Amino acid sequence: MKIDLTDTTASKINKALVQGRRAIGTPAVGMVLTLVIVTDEENAYDALKAASEASREHPSRTLVVIKRVSRSPRDRTSSRLDAEVRVGADAGTGETVVLRLYGEVVNHAQSVVLPLLLPDAPTVVWWPVNAPLDPAQDPLGTLAQRRVTDTYAAERPIEELTARAEAYHPGDTDLSWTRITPWRSMLAAALDQVTCEVTAAEVEGEEFNPSVELLAMWLADRLSVPVERTLSTGPGLTGVRMETTCGPIVLDRADGSLATLSIQGQPDRAVALKRRETSELIAEELRRLDPDDTYASALRYGVDRLGEATRADTSSSLRRSGDEGSAPGAGEQGVGARDNGSEAASEAPSEAKAASSGGKAEKKAPARKAPARKATADEPSSDKSLGESASDKSASGNASSDKSSSGNASPDNSSPDKSSSDRAPAKKATKKATAKKAAAK
């Protein structure tokens, strides 16, 4: 349910709240705190959405204060207050009042907000953007027990952290500190698993991120060790490394959602460490309204004591990987040379084997017999066998001579004499066969 009021007053707004509660059937007030949001028109929607989601855990009356800029001198002298009252489903689990201030009333916002605060309930003031450097001294900040700022939305977040440290009052807090709560819990749990002393630490994150500075200051304040900061491309915090006497402890988150916890002597573990929405951060801050002494101690440590941040330099790692790559290259070249030598050595026996097989082929080639001539009926079988044996001997003699001439097996001149001596018995056998033929005729 929505009720629009133009040029109204605080009393009329209270009456509209009672009317709205009765209309939806919940006349009783069951809210636990009053949340005052000081913002502009540009960021009002996102802030109101985050507060509405946080009200599911903390039912509250949300007052959104929007200070409108006057366009002319006449508008600055006049004052006007417009309001939009939301109850029921339009306001989540609580009540929402959007206040738009014009003219002189902009400088007296506390006078408008004070009558609308819940009685006997704590008050929290949240500045999503354009927070004052000293929230406790702001007119609206004086009404609250808890003052929430967001240094991440500042134009110069690192310088504003220094100003926050100088103007800190109990009850001040920052959403940049709330963002590193899971990191602090995970690092503390990792140190509980080892009985070692931390000697140094390193925090890695994107540039101009106050959460990186706050985490580094917290580690330096609690561990009393030197802490270095390394700038990365983000998103947000990307890693923390703690050097201990038992080995390094590394918490690395490269993608903004899942982190890897590495402890010396233990297997790596994947842990959920996602970047949280603004509604979750506000809900966490509303869980406790007492002063945060840990935040105060880390903030007062000072950014200046950390020294200058250094950018992540990958040249050394690339150089190491290059050296490692060149060494195998040389080794591969040596292996290639050895392989070429072994291939040459293996080719030599292969060629010799091929040559020997070729020689054998040449040796067997002349041994092929010509088609046998049919013997006549008058020719005796013994003469036929004798002639064939003679021809075989002649063929073998020719093969041996071819072998000696082609293979050059022996360097001396004994081969020609041997072949001629082999031919002599064959001639004698032929003459004897001829003589026998003549005698038979």
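What follows is calculated from the coordinates using simple rules that are stated; it is not laboratory data. Just so you know, these numbers come straight off a predicted model, no measurement behind them. Glycine gets a Cβ as well: all are built from the backbone with ideal geometry, and neighbour counts include every protein chain shown.
Worth pointing out:
- Prolate/oblate/rounded call for region 203-305, Cα gyration tensor, a/c under 1.5 rounded: oblate
- Note on region 1-149: Lys pairs 8 or more places apart or on different chains, Cα atoms under 19 Å apart, count 4.
- A simple count of charges around L306, restricted to other residues whose Cβ falls under 11 Å of its Cβ and scoring Lys, Arg +1 and Asp, Glu -1, yields -3.
- For region 1-149, the square roots of the Cα gyration tensor eigenvalues, ordered a ≥ b ≥ c, give a/c of at least 1.5 with a/b no greater than b/c, which places it in the oblate category.
- Cα centroid separation - region 104-177 against region 8-38, whole Å: 23 Å
- Near L101: Cβ cut-off under 11 Å, other residues only, Lys/Arg at +1 and Asp/Glu at -1. The net charge is +2.
- For the pair V69 and A189, the difference between a 0.36 nm per residue extended length and the Cα-Cα distance amounts to 38.3 nm.
- Residues whose amide H comes within less than 5 Å of that of L33, counting only those at least five positions distant or on another chain, are R61 (H built at 1.01 Å from N in the peptide plane).
- FRET efficiency for D46 and D304, using Cβ-Cβ distance with R0 set to 30 Å, rounded to 0.05: 0.35
- Distances between placed amide hydrogens fall under 5 Å for R229 paired with V203, T310, all partners being 5 or more residues away or on another chain.
- Cα-based shape type of region 118-234, given that a ≥ b ≥ c are square roots of the gyration tensor eigenvalues and the cut on a/c is 1.5: prolate
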